[in-house]
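Have a look at the structure below before the remarks.
No lab work stands behind these numbers, since they all come straight from the coordinates. Given the structure is predicted, the values throughout are model-derived calculations rather than measurements. With ideal geometry, Cβ positions are generated from the backbone for all residues, glycine too; neighbour counts draw on all protein chains shown.
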């Protein structure tokens, strides 16, 4: 164990390492458990410290100013505590106060689905989208079964496990919570700062329907109801998932890149565009109609209705079956680098949406003030505080100047919110806007004539289903991650 000064130790036995990134909410660092045998709880005086005492090697350490206008780490820790031990949920080891900051320590994970999507040419195959969709639906079901709604569904908040490569062989760094089988492609959900209880844990009484709610979530993926200020519930998480699935299949969504004089009008314009487009309008020749069926079903749910998650997963299985494909656990990113899979040394660095850009490498050049395309992409598309630069597995030594824990001056800096990130938006209550949730539930998965024609036309030997479709170089720059600063997530 390397020598470290006490100022680099948080949570009694977690050493702070290299800074991964920072943003308007705080800073995130790599870290490690300095006790080889795990922590035994001695001298533990913080009431909300460890969820349990099991040890961890690499960890992610989040800092936020204690006087932040929109503190999230305490709420995020509470969500992790509720979901502790669930499959596909990282383990939270510690929450407490360190000087002027709140600190949250949790499992260090690998790249996000947004990162993998980027590395795969900004398009997933139908097979990969179905496999990913099944896992994502199951993660959301787990959260809902524990009385929570997520309220910020986006690809950046779904991560896979962290790997390193020694002598060409992949080796799982550690088996994090919920992955006893060491599945390298098990998808995890992270960043529960916007999560909210939608029903009482004891009585199961659902929260009441309300309107004139502030926006919370990411405009690109949020539900139509959220755009128009309606209280979110389980249906909204599922609708957001549907938008993510079309994003993976199409490479972009029709409402990306819309222009408006200001942000408020832009978000209203995005919402109206979503409402105007029927789910069938999002289909292309290469997209199976079950994805439109999914979105229709999510939009047809009543506010307090319990979704049929098994039905939604069966839609993905139906796509695989009709195309002669198998759920064999093989994803597009496993074919990267001549079949070696993703490799952070070859692929671009993992992104950090929500915590700003990744910390620069020590040997990075400034290019005389010009920003590289990869940095520009990270600024516009990255979105996850747990997604890390896996090429820097070993922590830097304590005398590395870039590794210091934030001080009070940085706390003041991080209380300054960016222009798009966190201003409160009150939606324009349009009296002529219909609910758009009157569609009946689709009856089963039996295809109609249109679906039958689709499957007659799209057979397994069609190259679109054996290769990822080509994506042009057009990228849509859209600010993400805005939320209502004063929204109480645990009221």
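Being in contact (Cβ under 8 Å) with a residue 24 or more places away in the chain, outside any helix (DSSP H, G or I), surrounded by fewer than 18 Cβ atoms within 10 Å (Cβ to Cβ) and within 21 Å of the chain's Cα centre (by Cα) is a description that does not apply to residue 324.
Exactly one residue out of 242, 229, 257, 217 is farther than 20 Å from residue 189 by Cβ and crowded, with 18+ Cβ neighbours inside 10 Å: that is 229. Each residue in segment 247-274 was checked for being under 30 Å from residue 125 (Cα atoms) and touching a helix residue (DSSP H, G or I) at 6+ places or on another chain (Cβ under 6 Å), and 7 of them qualify.
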